[in-house]
Amino acid sequence: MIAAEEITKKLSTDWAGKMLLCLKETDSTNDYLKKMAGEGAAHGTLVVAEKQHAGKGRRGRVWDSPEQSGIFMSLLLRPEIRPEYASMLTLVAALSVSRAIEEVTHLEPKIKWPNDLVVNGKKVTGILTEMSAEAEQIHYVVIGIGVNVNRKEFPKDISQTATSLWLETGCEISRETLIASILNYFEEDFKKFAETDNLSLLMEEYNDRLINRNREVRILESDGEYKGKALGINETGGLLVEKEDLSVEVITSGEVSVRGVYGYV
Ligand code: BTN
């Protein structure tokens, strides 16, 4: 079982994870935290679960969340930004988790735009951001992070595209150490985001970790697809794609999927 005091010992934050709840089991840490947010939980509240029986992925998919082997956690933010800026927070989180995994494991996880983390071409982390807002004002943002940590095997249908830190390093990783490191980096990265309300201070590091950079990608839209070369993100988190006619398109998350020409990356 993940021990809250082991996380707390390693935290160097002012607000991230200061209020911390470790659950044995829940449906989804995002849903649990959304309820807490509705009841007034503070900016920086973290919920971690040992197991989720209804873990949610992006685009309505399920996030397989078996006991003991993963990190399933959600962080509550109450940012003072316009609702349309909130999607950038997902990219901030992807960068912070990538830095934390590197610190703890010495692996160098790459970011598949906008927010999957990939090691050796396979996904090791997914992030699901949910928001409650009015037209002009955010009530809260929940950043849900799932990391495959000590998992030894995956079901057949995802074994070609998913991996874990254990499979990549052969070592058991302390989930508490990794959670604390994620929060430490996130607070630092969030501060840079909040200074400008965009990604200009984080863009360079994000782009250095971007697996799609200078690679051919397929852009899948609802009404078709086209190929191009991904150049990197701009300061609002859009992906710049150079099309075959050399014109550059800015792709914003949510509207399309980006795939490598030969598969997932
Ligand atoms: C994805 O599809 O890549 C996003 C996966 C996000 C999974 C995490 S696990 C903790 C949090 N609670 C959930 O139900 N989902 C997120």
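Read-outs: derived from the displayed coordinates by stated rules, not from any lab. Bear in mind the structure is a predicted one, so any value in this text is a computation, not a measurement. As a convention, Cβ positions derive from the backbone with ideal geometry for all residues, glycine included, and neighbour counts pool all protein chains shown.
Here is the list for the range 177-265: GluC sites (Glu not before Pro) lying in DSSP coil, each with at most 14 other C-beta atoms within 10 angstrom of its C-beta, are E235, E244, E255. Under the shape rule built on the C-alpha gyration tensor, where the axes satisfy a ≥ b ≥ c, the range 116-202 is prolate, since a/c reaches at least 1.5 and a/b is greater than b/c. In sequence order, the range 57-72 has phi-based couplings of x, 6, 6, x, 7, 8, 10, 4, 10, x, 4, 6, 9, x, 10, 10 Hz under the Karplus curve 6.51 cos²θ - 1.76 cosθ + 1.60, θ = phi - 60°, and Gly or Pro positions carry x.
Seen from every direction in turn and averaged, the convex hull around the alpha carbons of the chain projects onto 13.8 nm². Relative contact order, whole percent, for the range 173-263 stands at 22, derived from Cα pairs under 8 Å and 6 or more residues apart. Mean residue ellipticity at 222 nm, helices only, the chain: -8000 deg cm²/dmol; runs of at least 4 DSSP H residues each add -39,500 (n - 2.57), and the sum is divided by the number of residues. Classify the range 1-74 as rounded, prolate or oblate, taking a ≥ b ≥ c as the square roots of the eigenvalues of its Cα gyration tensor: rounded when a/c is under 1.5, otherwise prolate if a/b is larger than b/c and oblate if not. Oblate, since a/c reaches 1.5 and b/c is not below a/b. If you plug the beta carbon distance of E25 and E172 into 1/(1 + (r/R0)^6) with R0 = 25 Å, you get a FRET efficiency near 0.70. Take every DSSP beta bridge whose two residues both sit in the range 1-131; close to 70 percent of them are antiparallel. Multiplying the residue separation of Q68 and K35 by 0.36 nm and subtracting their alpha-carbon distance yields 9.4 nm.
Here the spin labels are modelled as points 7 Å beyond Cα on the Cα-Cβ line, and at E153 and N120 they lie 1.7 nm apart.
By other beta-carbon atoms within 10 Å, ranking C171, C22 with the fewest at the front produces C171, C22.
Among K34/K123; K35/K227; K18/K122, which pairs are too far apart, with a Cα-Cα distance over 30 Å? Among K34/K123; K35/K227; K18/K122, the Cα-Cα distance tops 30 Å for K35/K227; K18/K122.
Under a 5 Å amide H cut-off, with hydrogens placed 1.01 Å from N, D27 pairs with H53 among residues at least 5 apart or on other chains. When a/c is below 1.5 the answer is rounded, else prolate if a/b is larger than b/c, else oblate, so apply that to the range 139-265 with a ≥ b ≥ c taken from the square roots of the Cα gyration tensor eigenvalues. Note, shape of the range 139-265 comes out oblate. Place a label point 7 angstrom from the Cα of H106 along the Cα-to-Cβ direction, then list the residues of the range 127-170 whose backbone nitrogen is under 17 Å away. What the label zone holds, given the 17 Å backbone N cut-off, is 165-170. Here the range 202-227 is scanned for amide nitrogen atoms under 20 Å from the site 7 Å beyond the Cα of E244 along Cα-to-Cβ, giving 214-227. Cβ-Cβ distance of A42 and E204, R₀ of 41 Å, FRET efficiency by 1/(1 + (r/R0)^6): the value works out to about 0.80. What are the membrane-span-like helices in the chain by this rule: whole DSSP H runs, Cα extent along the axis at least 18 Å, mean Kyte-Doolittle hydropathy at least -1.0? What comes out of the filter, once short or polar helices are dropped, is 87-105, 175-196.
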